[in-house]
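The values are calculated or read from the model by the stated rules, or taken from the named source; none is laboratory data. Everything numeric in this text was worked out from a predicted model, so none of it was measured. Neighbour counts run over all protein chains shown; Cβ positions are idealised from the backbone, glycine included.
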Ligand code: GDP
Ligand code: MG
């Protein structure tokens, strides 16, 4: 619910990253508060909305999840058009997905808005025993690219609330 006198922000959020990194799972955590094991890969359009009430503002998210198009190297310009925020997701147990995440960040620099709020999301933090990507590597890359960095687990809900909160706060600050 919007608080009286509170600013309302409508924000398009795009979600990028390799297939299988947990993009859809993170979005479902946020919009439904649940985790589905053996999630069917998304087919077709995947559009979600969620409202987040913060002290600073009420943020209405329009979330564009990639629906299998992430297997191509770039997405259609309409995907990025007007996006205020982006999540670039990788899986800490796969170095390949981190390499791909770096490519998605370059793609964002080319296609996205200049003052987009960007988060580098190191997902599957519950798989620490199989970790291939060190926390510091993600941190370093995010700092070099003006992003904020967070490790999450869509499975255990570790930091998933914090992720969307931080995006919301940064959007409110920029609005
Ligand atoms: P997407 O292709 O990037 O949308 O990835 P999905 O959300 O479909 O997730 C791919 C697979 O990884 C599914 O089997 C999920 O259940 C699983 N998964 C997603 N997030 C996590 C996580 O944080 N930890 C673990 N262990 N598995 C996850
Ligand atoms: Mg998906």
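Only residues that are closer than 19 Å to residue 139 by Cβ and in contact with a helix residue (DSSP H, G or I) (Cβ under 6 Å, 6 or more places away or on another chain) were counted across the range 104-118, and they come to 1.
Flag not set for residue 141, criterion: surrounded by 16 or more Cβ atoms within 10 Å (Cβ to Cβ) and closer than 27 Å to residue 59 by Cα. Taking the criterion of being in contact with a helix residue (DSSP H, G or I) (Cβ under 9 Å, 6 or more places away or on another chain) and more than 16 Å from ligand 2 (Cβ to nearest atom), the residues of the range 154-175 that qualify are 156, 157, 158, 159, 161, 163, 164. When 24, 58, 49, 66 are checked against the criterion of being modelled with pLDDT of 90 or more, within 16 Å of ligand 2 (Cβ to nearest atom) and out of contact with any helix residue (DSSP H, G or I) (no Cβ under 6 Å at 6 or more places or on another chain), 24 stands alone in meeting it.
With respect to the stated conditions, residue 91 fails to be surrounded by fewer than 14 Cβ atoms within 10 Å (Cβ to Cβ) and at pLDDT 95 or above. In the range 56-175, counting only helices (runs of 4 or more DSSP H) that sit wholly within it, the ones holding 1 or more residues that are within 15 Å of ligand 1 (Cβ to nearest atom) and free of Cβ contacts under 8 Å to residues at least 60 places away in the same chain span 95-111, 135-144, 160-174.
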